[in-house]
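Data block below; observations after.
Quick note: the coordinates plus some simple rules give every number you see, no bench work behind them. Here the structure is a predicted model, which is why all the values come from computation and not from measurement. No Cβ is skipped: glycine too gets one built from the backbone with ideal geometry, and neighbour counts run over all protein chains shown.
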């Protein structure tokens, strides 16, 4: 298990709380966004400021972290590919359990530990919690406008700019040869009429 760096922006030191259930403290800080915070088409740019307002509360099992994160989003509309700039405001809560059971019989097996956030030397890593909260809050298919018409599937024209945009009905490929025969027939008739 990698030990946490107490100087990392998303690592909090909980020693000031002590281990008295009910003791709490408020923390507000601005941290740079970690890499890949979001989804492919909508994300918080790496290094962009993320405002964190947190409450750390000591409970019997560990430290309960409750808070909000606010950050600017960038991305593109999945229908028209126009840029999207928005603000994200997410809430989250996680219990970080103490990891100092001395008796191995009291420790749960590795299978039971999956999904449990643990304190490491009274430090808690907020990055996985922040990442989960942000990704779950993002729309699966972000749009620039709720009723974005998107792009023409045939030519890529922006349908918002040309609402009456249309194309001739496609010719069934099985009849395409007859279309060229029709053109040839018209040309031969025109040539005959001119003579």
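Would you calculate a helix-derived [θ] at 222 nm for the chain, using -39,500 (n - 2.57) for each DSSP H run of n ≥ 4 and dividing by the full residue count, to the nearest 500?
So the helix-based figure for the chain works out to -5500 deg cm²/dmol.
Placing one identical point scatterer on every Cα of the stretch 11-137 and ignoring solvent, what is log10 I(q)/I(0) from the Debye formula at q = 0.14 Å⁻¹?
-0.68
Where does the stretch 139-195 land on Rg/Rh, using Cα atoms and the Kirkwood Rh?
1.32
Over the stretch 11-137, what is the relative contact order in whole percent, taking alpha-carbon pairs under 8 Å and six or more residues apart?
25 percent
Considering the Cα trace of the stretch 25-65, what is its radius of gyration and what is Dmax, both in angstroms?
13.8, 41
Beta carbons within 10 angstrom, averaged per residue: use that to sort the peptides 135-142, 46-53, highest first. Don't jump to the answer; show the numbers that get you there.
Values: 135-142: 13.6, 46-53: 15.1.
Final packing ranking: 46-53, 135-142.
Mind telling me which of 21, 149, 170 comes out most flexible in a GNM of the chain, alpha-carbon contacts under 10 Å?
170
Just order 163-169, 117-123, 88-94, 151-157 by mean Cβ neighbour count inside 10 Å, highest at the front, would you?
Working: 163-169: 8.0, 117-123: 17.0, 88-94: 15.1, 151-157: 11.6.
My ranking of the peptides, most packed first, is 117-123, 88-94, 151-157, 163-169.
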